[in-house]
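Peer 1: Provided herewith is a single structure, encoded as structure tokens, for subsequent inquiry.
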Amino acid sequence: MGESARGVRGETYHWGDSATPAKCNSRESGIGSTTPVSRYHSGVSPYGVYDLCGSTWEWCSTRSEPGRYELKAGAWTSPFPRAIPAVFNDASADMLDDDTGFRCAASASSIKALQLAVPVQPPVVGDAL
């Protein structure tokens, strides 16, 4: 998550240093489950990335110790102070939970190369989506 989650100046949150639970889906929202990615427009990063805090813990590829991996971002089950991007959390590699997921990310150049290699065709009117 790095700079995307800490903003362009390395602040606590990507929106700044202000603790604002209304900008993400943490326990304080009272929703009690995940939400659509685009729900929290005021919490979007300067790079256009949504849900860098709250909604689901993001499973990272970084091992904290053998058999354990880092988690980032807090979740809908977490109190807001756990949604700070720099807060450490980890989990066992065999952990199963309903508040943990992962984010697929790629560099802009990789995405552009994929778009050029496999152009997306718009659906034809009348086709089933």
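The values are calculated or read from the model by the stated rules, or taken from the named source; none is laboratory data. Just so we're clear, the structure is a prediction, and the values are computed from it rather than from any experiment. Cβ atoms come from the backbone with ideal geometry, glycine included; neighbour counts cover every protein chain shown. These accessible areas exclude ligands, DNA and RNA; they are computed on the full protein's heavy atoms, side chains included. Shrake-Rupley method; radii C 1.70, N 1.55, O 1.52, S 1.80 Å.
Peer 1: Among the candidates TYR50, TYR40, which residue alone is at pLDDT below 90, within 14 Å of the chain's Cα centre (by Cα) and not small (Gly, Ala, Ser)?
Peer 2: Working: TYR40 fails: at pLDDT below 90.
Going through TYR50, TYR40 in turn, just one is at pLDDT below 90, within 14 Å of the chain's Cα centre (by Cα) and not small (Gly, Ala, Ser): TYR50.
Peer 1: Does PRO21 satisfy being touching a helix residue (DSSP H, G or I) at 6+ places or on another chain (Cβ under 9 Å) and open to solvent by 40 Å² or more (accessible area, probe 1.4 Å)? Please lay out each step first, then the result.
Peer 2: Numbers: touching a helix residue (DSSP H, G or I) at 6+ places or on another chain (Cβ under 9 Å): yes; open to solvent by 40 Å² or more (accessible area, probe 1.4 Å): yes.
For PRO21, the condition - touching a helix residue (DSSP H, G or I) at 6+ places or on another chain (Cβ under 9 Å) and open to solvent by 40 Å² or more (accessible area, probe 1.4 Å) - is met.
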